[in-house]
Every structure is written in structure tokens, then in C-alpha cells.
Amino acid sequence: MVDKAFMLLTFIGVPLSVIGSLMHWPSILLFVIYCLTIVALASFMGRATESLAVVAGPRIGGLLNATFGNAVELIISIFSLKAGLVGVVLASLTGSVLGNLLLVAGLSFFVGGVKFKRQRFNVYDARHNSGLLMFAVIVAFVIPEVFSMTMNEGETIALSVGISLILIVLYLAALFFKLVTHRGVYQPKEDRGENHHEEEPEWGKGKAIAILALATVAVAYVSENLVHTFEAVAESFGWTELFIGVIIVAIVGNAAEHASAILMALKNKMDIAVEIAIGSTLQVSMFVAPVLVLISLLFPVNMPLIFTLPELISMASAVLLMVVISNDGESNWFEGATLLAAYFIMGIGFYLL
Amino acid sequence: MVDKAFMLLTFIGVPLSVIGSLMHWPSILLFVIYCLTIVALASFMGRATESLAVVAGPRIGGLLNATFGNAVELIISIFSLKAGLVGVVLASLTGSVLGNLLLVAGLSFFVGGVKFKRQRFNVYDARHNSGLLMFAVIVAFVIPEVFSMTMNEGETIALSVGISLILIVLYLAALFFKLVTHRGVYQPKEDRGENHHEEEPEWGKGKAIAILALATVAVAYVSENLVHTFEAVAESFGWTELFIGVIIVAIVGNAAEHASAILMALKNKMDIAVEIAIGSTLQVSMFVAPVLVLISLLFPVNMPLIFTLPELISMASAVLLMVVISNDGESNWFEGATLLAAYFIMGIGFYLL
Amino acid sequence: MVDKAFMLLTFIGVPLSVIGSLMHWPSILLFVIYCLTIVALASFMGRATESLAVVAGPRIGGLLNATFGNAVELIISIFSLKAGLVGVVLASLTGSVLGNLLLVAGLSFFVGGVKFKRQRFNVYDARHNSGLLMFAVIVAFVIPEVFSMTMNEGETIALSVGISLILIVLYLAALFFKLVTHRGVYQPKEDRGENHHEEEPEWGKGKAIAILALATVAVAYVSENLVHTFEAVAESFGWTELFIGVIIVAIVGNAAEHASAILMALKNKMDIAVEIAIGSTLQVSMFVAPVLVLISLLFPVNMPLIFTLPELISMASAVLLMVVISNDGESNWFEGATLLAAYFIMGIGFYLL
């Protein structure tokens, strides 16, 4: 039933999005069409990823998902950088970190926890991820903020580029660690068997990949159009640009992660839900952000790795909260509620700023 | 013996307090009488709570204790708010957080640890509390501090009210989680039985409640008089008002928690001692503080949830220290000494400020 | 083979250092000679310490090592204080904390982790150390920074002296806890036996002590000369004094710890490697730093316990990262890489500052 509704929504929404943008329909109407279409497309991406996850195992599945979710974000950010909108890019990076860490993980913990009393996820992965979150946000984002206070612009960019290169190298090292040198080392014994092949995937490998690719392209197209409606929508609703960048872009831009993570939480596959939420955060902070810093060197306006103080403190608070909450490898509805409450507090802050 | 001494002190101290305040004895003399009386009354509250804890189980007992300890504080703060003393209220909230987290827990760990080599407490509760401490202080107190830097007064109050509502909702959700949906879920199996009924309570349920109620009323009466001696005492000793608010008010105001927590630590009931210290901190930061923000809307001077930087950094440091120290569900005398040393450092700081 | 090369290097390097400094050879040449000589001497210190560690057990061995490493540092700092170079002393204290916590531990984890898949160390010791790191850096270093913002010089020095006394008392209490009241309490049972005596020490107790003492004296002599070449070297290479203080002094000054810790990691004795890295950090922050504050009272220029903001934030980030990474009592090459990456980021920052 739900699947059919989303299929209908997709086959109506995508053409409507194309027609509406070509015919310059009113912004608020387009905004609603775009949002619904992305949510519908995201459900396809979620199902396709799930099918691939059944075939490829939870880890590769989670990685795939995070990759497809952030490809959209990377493309939109490059266009923004080209237009010199450095502040908007940094705001949407912040929003992506907060959205994945607090909203996606919070909803997964909450919704999953309402259905199941205690949900467990791999505690070794959680601690590995905690170390990386601390490194990316508390070290690599905080250090340039403080050091650049007495630096000129050239030194600030040099510091940003240096840190970006280190972030990318460590991100690749983390993949090498997880997929090569320590593959399966931190898995519980019962998970190392073939029992995840017992479940039948909804779609075959080829079909799942094709659907994932098509949906990603469609999401990218609709997302980019969506961005251009923001200014008009902001004026209508009295929102600031920072609020749109941090909160609205992040919610819509991470719709795919939301859908898949909550789906996994409802199936009590918390390993994958956590991998999507935190893996996506790490990909944004350790890969997308530094790559954007390097790409910005090609454009007239360079992007330093310097967030505004509210953005930085929000991310640092979110990381410290998540590290403490995920430390025991267990979740329940109240831990989800705590993460969501932190998200609302920051949302109010960015709304009023 | 000790019990009889405290009974004598109570039956002398309470009448003396009434007579002294009516006859306007010298402030320093009244200060000493009030303090001793509160300590004596606190011992009654401790014994009554202990009796109730034996009957009702450690969790409800701990909650009861924290409630009775903070009722006094809430009443005094409302009178202060009515008088427009926003700075004093924020200082005494800070002092209550630091006092419970570092002094009460520190003394419990230290005194209990001198008697017993290793003391254990429920590690699930400790982690649940750590998540809430991070949420309340590192998110809900830090965010308005940073965001309000570029806000006007109206936006600052709006942000404070929004955060206060979220804090209260999450506090109630935490009670619902602990007492309804996850009651006993995180208890070790041997504790779920009836074995805590084996111990005989000192007083029956009715008598304990009556004594607790009477002692609370008496403490409230004496405490309020005590507050009015502070100005004169500060002048005599050369203390700043901030030092009195953060350190002196907190020590005397939390005398009940001190007495009960240390008593429990000496009986090796660390679950209750930790519940008193950290539960009381959470009640102050997630319930008393936001309720005061909301109540202040009725008065001419509104109270924002914005602490001074030394207050905020002290609370944040204390929370991070406690989260790391309580993380393993064990305590010893040295962990107590570490918490006490942190309290002394902050005490020197507020004294010199 | 390696041992013989180092012996040769020592017997050539020490006389060359003496002759070169007396004959005022060019600074860059002397710089190279001094550095190589110290590395060679450090290998002797490492071997001597290892022999003593076999005889005395891992704990005392680790303490000995940290002591001998920091004796050099204490002596150099006292000479610097006498010359009024307060900023250089604070920078080299920062460098020592960062060097031990990120570089020494990072290299140990990395090199040990390349050889062994998973290395374990005593998780109780790791948590005990985490509590102390939080106390020393997040409480005792952060509090004076924030509180002194509105203090005059006299109050700042008073606060620094008070905190220094508390740090020293708690450091002595930590030794008392580890060596007297809780000796062996947190050791796994199999380690409490005599099985660490099975291994044969390379040198006897007397010979090891003699070599350790001689090498320490030689290192002290060479180190002091090395410091005087820094200004000329800085000019040649275009380095700032802060970079030399934080990075260069720390690497050369902690050569002994580096050598021993990596040696231990390669032998899979992670308990000792971690004890050297973190124990040395704690000794610097809880003993060397406060002792220097007190000693500075004898000199015309007093040293407050106030670091620059980049120094403080770097230390705080490093501590939070280490607490999260060491929390599980396990290490691997990737955790080492993460610590090293954090060190490089801070290194770039101090280089550009």
C-alpha cells in the first residue's frame, strides 16, 4: 500500500517538477511539489539500498547509502561555491552534521525504541565512530576556528587546506581499516556467518542498482530546483537564510538517510541505522567538507574551514552528546527523544538568530 | 548517640532561630544558629528518607530525597526573582549544580571509598544520567550563551523560554521512562527481587512522611531567614555576593543531600548516593532552572537562561569530569578526591572573582 | 646491530657535542649533532628503563621512565623561568602535553598496531588516567583561563598558586592511591602472579640504574646546549618561536619517552606504553607545571597558569580525543593514525600562527 502510494507520487511528482520549473509556477507551490517528490524518491532509494544491503552485508550497505545521500549534497554545494555562497555552503554542512547526528539518529532511536524495548548495535563500531567524530569536529573544526583568530586570510586558507588534506587522508585510512585490515575483526561471531543471506532481497542486485542510480539522478535534479525556491519561501515565511541552510536544506537533503535509517530501526537492524546516521555525518565532515575546501581553490572565492561560532558550538555539543549516548552500544526511545530535543533547541536558536 | 545529639540540636535550634530572628540578634550569631539548625534538621530528613527508601526501593527513595532537597531551593529562588535578583538566582543554580555534582558526590565517593575499597553502582543509570547531564548543561545551557551573543533582549528571552519548555518536557519524559516504560529494565536481576524488604526501616511509612514534611517546612523557614544574614556576613568576612551565591548558599541549601548521600555511601548503597547527587543536579538543571525562567515572566524582570561565562564553564567542566569518572559504574576514595579538588579550584575562582 | 649503532653514535656524539659547543661550531651543524646524540642516549635510557621495568613490574617501570623523561624538562624550564621567558615555558609545557598524548601514544598505537591486530591495555588504568586528564586540563587549566579574564594580575597569580597547590596535592594522592591503598586492586588476576619475573632483564638492577643516571645527565647537558641553537635555527628555517617551543622542543625533549613507548608497543606491552605516554602527560600537567608556577614566585617575573587560547584549546581537544579513544582499553593502527593526524593539524596551526 505505502509502496504503491510512493510509486504513484513519484510518477506524478517527477513530471510535475519538470513541467512546473519550466513553466515558472509560483515558488510556494513548487516548494511543496519538490519536497513531496524528494520524499517519494527517497523511499525508492531506501528500498533499493535495503535490497543491496541484504546482498552485500550491513557494512557495505550502510556505506552505499551514505554515499548516495551525500552525492546530492556535494553537487548542490559545488554549484553554490561557484556562485560564491560560502556562508550558505558552511551552513548546509553544519545542517547536514546536525541533521544526521541528531534528527536521523534521534528519529531512528525513538521510532525503533517505541517498537522494541532495548535495541543493540555493534559497540566496537560505535566507539570507532566516536573517535572519528571527536577527531573531525572537536579537533579538525575547532582548531582552525581558534587559531585563525590572529591569522590573515592567506594563513587561514593555508591552514584550512592543510587540515582538509589530513581529513581526506584519514577518511581513506578509515575505509582501508574497515574494509581491508580489520574487516570483520570487531563483528560478533554469530554475525560473521552467512545468516544475513537467509533473508531474501526485494530486488535483485542489478535492478536495485539501476533504481538507486535513477532515483539519485532525479533527486539531484529536483533538489537543485528546490534550492532556487528557498529565497521566495524564506520571504513568505519570514525565515532567515541561516535557518533555511541549517535546518530546511538539511531535512530535505537528508530525506534519503531519514527514510532508510528509520526503516532499519523498525526492523531492529540498529547496526545499519547507526551506520547511516553516523557514517553520513563522518562522510560530510571528513570528506564532503574538505573536498569542498579544495574545490573552492578553483573558484574566485575560497572557502576556509571556519564556521560561525553558533554553527561550531552546535556541532561540538551534538558530537559530545552523541559520543556519551552511543557509548554503550544500546538505544531506547528516551535516548532518541534526547537527541531530538537537542535538535529542537538548536533549531530554535538558528530560527531566532 | 549522634541521633540524640541532632535531636537535642533540633529542639534547641528551631526555637532559637524563631526567637533570634524576631528579636533581631546580631547577624553573625544568627548565621551560626541557622546553619547548625539546618544541619540537624537535614539529619532528620536523611533518616526519614532512608526509612522511606527501605520501604519504596532505592529509586523512588532517591527521587523523594532530591525533591525535598530542591523544594527549599525553588521557594527561596522565587522570592529572589520577585525581588529582581536574577544574578543571585543564576549563581545559586550554578552553585547547586556544582555542589551536588562535585561536593555531594565527591564527599560520598571519598567517605564511602575510605571505608570500602571499591564501591559499585548501577552502570546503566550512570550512563542514562550522563546523557542527561550532557543534554542539560552542554546543550541546553551552552547553546543560549553562544547564540544570544548577537541577539537582542526579546530574542534572548524567546530562546530561553523555548529551551525551558523543551527541558521540562524532556524531564517529564525521563520520569516516564524510568518509572513506567523501562521500570526495572536496567536493574541487575538479583535487585529485582524482594530482598530490599528484608531490611527493617527505622520509622514506619506514616511517621517517616510526617517527619520529612515537618523537617522540610522547618528547613524552608530557617533557610529563608539565613539568606537575609548573608549580606552582613559577606561584609564581615569580605566575601563577594557571587561567592556567597555559588558556594555558601549551595553548601547550606544542599545540606540534606549531603547528609543522606554520605550516609548511604557509608552503608555501601552507592546506587542511592549517586541517585541523590546526580538526580538532584538533573532536577535543578532540567526542572528548577527552566521553571524559574517561566515564572520570571510573571515578574517585572525576566530571567534569561544565560549564565556568566565563569558559571557556565565551571558547570560544563564539572559535567565532563563527572561523565568520565562515573562511566564505569565504580567509585573509590581517589575519584571522590578528584571531584572535591575540582570543587576547591572553582571555589577559589569564585572567591577571587 | 641497532644497539651497536646507537652505542657508537653515543660515544661519538657526546664528545662531539662537548667539543662543538666549546668551539662554537655553526648552529645548524650543532643542532644536528645534538639531536642525533639525544636520540642515541634516549635508546640507552629506553633499554635501561626496560631492564628496570622487568625487575620492578610494569607500574614502577612506567613511573621511573616518565620521571627521567621529565627531569630534563623541569631543569630546562627553570633556567628559562630565571631568564623571564614565561611564554616559552608555557609553550613547551603545551608541547609536552601534546607530544606525549598525541605523538608518543599515536606512534605507539600505530607501530604496535601494524605488528599486532588488536592490542589491549588495562582498562581500569585507562579510565583512572582519563579522569586525571579531564581534571588537569579541562578543570585546572581551563578554569583560570576563563576566570582570569576579569581579574587583575595579583588575583590571577593568587588563583594560579591555589590551583597549583591543589594539583600537586592531588598528584601525590594519585601516587598514594596507585602504590599504597589500591596497589594491584585493578590488575587482572593473571598479572598479579610472578610471571613478569620469568623474563630475563638485559641489565642487572645496579647497571641499569647507573646507565639511566649517566644517560640522563648527558641528555640534560646536550639538551640545554640544544636550546641555545634554536634561535639561529628558527631564523634559518623561518620558524616562529611558538612553533619551536610547542613542536621542536617537545619532540626532542620527549625522545626518551618516544623510544621506550614504541619499544614496548612493539613487544605488545601496551600497559607500559600507555603508562609512559599518559603518565608523562599527567606528570607534566599535574606536577611539572604547578611546581614551575610555585618556583616562579622566587623570580622577578611570576608565571601564571594561563596559556594562550590556541595552546589551551589544543590541549583540551587532545584530552577529549584521547579519553574517547582509550576508553575501551584497546588500540589498533587506526587509532594511532587518528592521534597522529590530530598532532599534524595542531602542528600546522602552530607553524602558521
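The values are calculated or read from the model by the stated rules, or taken from the named source; none is laboratory data. Keep in mind the model is a prediction, meaning the values are calculated, not measured. Note: ideal-geometry Cβ built from the backbone for every residue, glycine included; neighbour counts use all protein chains shown. In case anyone asks, the SASA skips ligands and DNA or RNA and just uses the protein heavy atoms, side chains included. Shrake-Rupley method; radii C 1.70, N 1.55, O 1.52, S 1.80 Å.
With respect to B:Gly131, is the statement that it is under 21 Å from the mean Cα position of the chain (by Cα), within 10 Å of another protein chain (Cβ to nearest Cβ) and open to solvent by less than 20 Å² (accessible area, probe 1.4 Å) true?
In short, yes.
On the basis of being within 14 Å of chain B (Cβ to nearest Cβ) and open to solvent by 10 Å² or more (accessible area, probe 1.4 Å), does A:Ile262 make the cut?
So A:Ile262 fails the test.
Among the listed residues A:Val114, A:Val137, A:Val86, which satisfies the condition of being open to solvent by 10 Å² or more (accessible area, probe 1.4 Å) and within 11 Å of another protein chain (Cβ to nearest Cβ)?
A:Val114
Would you check if C:Leu102 is at pLDDT 85 or above and touching a helix residue (DSSP H, G or I) at 6+ places or on another chain (Cβ under 9 Å)?
So C:Leu102 passes the test.
May I ask you to list the residues in region B:283-296 that are under 16 Å from the mean Cα position of the chain (by Cα) and open to solvent by 10 Å² or more (accessible area, probe 1.4 Å)?
Answer for region B:283-296, where residues must be under 16 Å from the mean Cα position of the chain (by Cα) and open to solvent by 10 Å² or more (accessible area, probe 1.4 Å): B:Gln283, B:Phe287, B:Val291.
State the number of residues belonging to region C:151-162 that are more than 7 Å from chain B (Cβ to nearest Cβ) and surrounded by fewer than 18 Cβ atoms within 10 Å (Cβ to Cβ).
Going through region C:151-162 one residue at a time, the tally reaches 3.
Report, by residue number, each residue of region B:324-336 that is facing chain C (nearest Cβ under 9 Å), open to solvent by less than 20 Å² (accessible area, probe 1.4 Å) and either closer than 14 Å to C:Ala174 by Cα or part of a helix (DSSP H, G or I) (or both).
Across region B:324-336, the qualifying residues are B:Ile325, B:Asn332, B:Phe334.
The conditions are (1) within 23 Å of the chain's Cα centre (by Cα); (2) modelled with pLDDT under 95; (3) open to solvent by 40 Å² or more (accessible area, probe 1.4 Å); (4) over 26 Å from B:Asp328 (Cβ atoms), and B:Leu165 fails exactly one of them. Which is it?
(2)
State whether the residues of region C:344-352 include one that is in contact with a helix residue (DSSP H, G or I) (Cβ under 7 Å, 6 or more places away or on another chain), within 14 Å of chain A (Cβ to nearest Cβ), more than 25 Å from A:Phe177 (Cβ to Cβ) and crowded, with 22+ Cβ neighbours inside 10 Å.
Looking for residues that are in contact with a helix residue (DSSP H, G or I) (Cβ under 7 Å, 6 or more places away or on another chain), within 14 Å of chain A (Cβ to nearest Cβ), more than 25 Å from A:Phe177 (Cβ to Cβ) and crowded, with 22+ Cβ neighbours inside 10 Å, one finds at least one in region C:344-352, hence yes.
Of these, C:Phe299, C:Phe307, which one is open to solvent by 10 Å² or more (accessible area, probe 1.4 Å) and modelled with pLDDT of 90 or more?
Sole residue among the options that is open to solvent by 10 Å² or more (accessible area, probe 1.4 Å) and modelled with pLDDT of 90 or more: C:Phe299.
Go through (1) within 13 Å of another protein chain (Cβ to nearest Cβ); (2) within 24 Å of C:Ile76 (Cβ to Cβ) one by one and return the number of the condition C:Leu103 breaks.
For C:Leu103, the exception is condition (1).
Return the only residue of B:Ser280, B:Ser314 being within 9 Å of chain C (Cβ to nearest Cβ), touching a residue at least 60 places away in the same chain (Cβ under 8 Å) and open to solvent by less than 10 Å² (accessible area, probe 1.4 Å).
After ruling out the rest, the residue left standing is B:Ser314.
Looking only at region A:319-331, decide whether some residue is in contact with a Phe, Trp or Tyr (Cβ under 6 Å, 6 or more places away or on another chain) and among the polar types (S, T, N, Q).
Looking for residues that are in contact with a Phe, Trp or Tyr (Cβ under 6 Å, 6 or more places away or on another chain) and among the polar types (S, T, N, Q), one finds at least one in region A:319-331, hence yes.
Could you please find all residues in region A:172-185 being at the interface with chain C (Cβ under 9 Å from one of its Cβ atoms) and either more than 21 Å from the chain's Cα centre (by Cα) or among the basic types (Lys, Arg) (or both)?
A:Phe176, A:Phe177, A:Lys178, A:Thr181, A:His182, A:Val185, listed by residue number.
When you look at B:Gly95, is it in contact (Cβ under 8 Å) with a residue 12 or more places away in the chain, open to solvent by 10 Å² or more (accessible area, probe 1.4 Å) and more than 14 Å from every other protein chain (Cβ to nearest Cβ), yes or no?
When the stated conditions are applied, B:Gly95 does not pass them.
Looking only at residues that are in contact (Cβ under 8 Å) with a residue 40 or more places away in the chain and open to solvent by 60 Å² or more (accessible area, probe 1.4 Å) in region B:215-230, which one is nearest to B:Phe6 (Cα to Cα)?
Step by step, filter region B:215-230, then rank; the result is B:Tyr221.
All but one of (1) at the interface with chain C (Cβ under 9 Å from one of its Cβ atoms); (2) of a type in the set (Val, Ile, Thr); (3) closer than 15 Å to C:Tyr351 by Cα hold for A:Val169; which doesn't?
Result: A:Val169 passes all but (3).
Output yes when any residue across region A:225-240 is of a type in the set (Asp, Glu), modelled with pLDDT of 75 or more and closer than 27 Å to A:Phe44 by Cα, and no when none is.
No, that holds for no residue.
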